[in-house]
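This is the structure, below, for whatever I ask next.
The values are calculated or read from the model by the stated rules, or taken from the named source; none is laboratory data. As the structure is a prediction and not an experimental result, all values here were calculated from the model. FYI the Cβ positions are ideal-geometry reconstructions off the backbone, even for glycines, and counts take in every protein chain you see.
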């Protein structure tokens, strides 16, 4: 996560939806492998928070912490973003709206959002887990790798823009 504060105008950080790098079948990092469109999960299909087990911390910043979690019934891995701080009702409504927008995104180059939990004043967002790590701090020596990353980022951005969604914080950590 970046060290910037989450702004009230963008409390969830809808602009931070493309975290991490996916690993290819050969375990060489690539940004996002093209895949078939995901089946959109209905709200009733969001895993129960009580069924999620925290495995390890992926990263943290002033805005929150991201955990790798495991869905106990299926063994499936997810990323759970825990957003710090007290949130007024207007901020909570904004986060809910952003999560609902993100749940409609279906593109192999954009991280999928599976749902949100608002329990005991703590806001948590369940996201697709990216197993390849972050580009932040990574030295990219290969031009073909850099070109591939750039192509995939631009494909994800083009998809978002076609759907009138703006990513306002493009950087390696995102």
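Name the pairs whose Cβ atoms lie under 7 Å apart, with the first residue in region 153-174 and under 15 Å from residue 106 (Cα atoms), the second at pLDDT 85 or above and in a loop (DSSP other than H, G, I, E, B), and 6 or more positions between them or separate chains?
155/109; 156/107; 156/109; 156/110; 159/107; 159/109; 159/110; 160/110
How many residues are on the phi < 0 side of the Ramachandran plot and at pLDDT 90 or above if we restrict to region 51-100?
25
Regarding region 81-97, can at least one residue be identified that is under 27 Å from residue 51 (Cβ atoms) and touching a helix residue (DSSP H, G or I) at 6+ places or on another chain (Cβ under 8 Å)?
Within region 81-97, one or more residues are under 27 Å from residue 51 (Cβ atoms) and touching a helix residue (DSSP H, G or I) at 6+ places or on another chain (Cβ under 8 Å).
Under the condition of being surrounded by 11 or more Cβ atoms within 10 Å (Cβ to Cβ) and modelled with pLDDT of 75 or more, which residue from region 36-47 is farthest from residue 101 (Cα to Cα)?
So the residue we want is 47.
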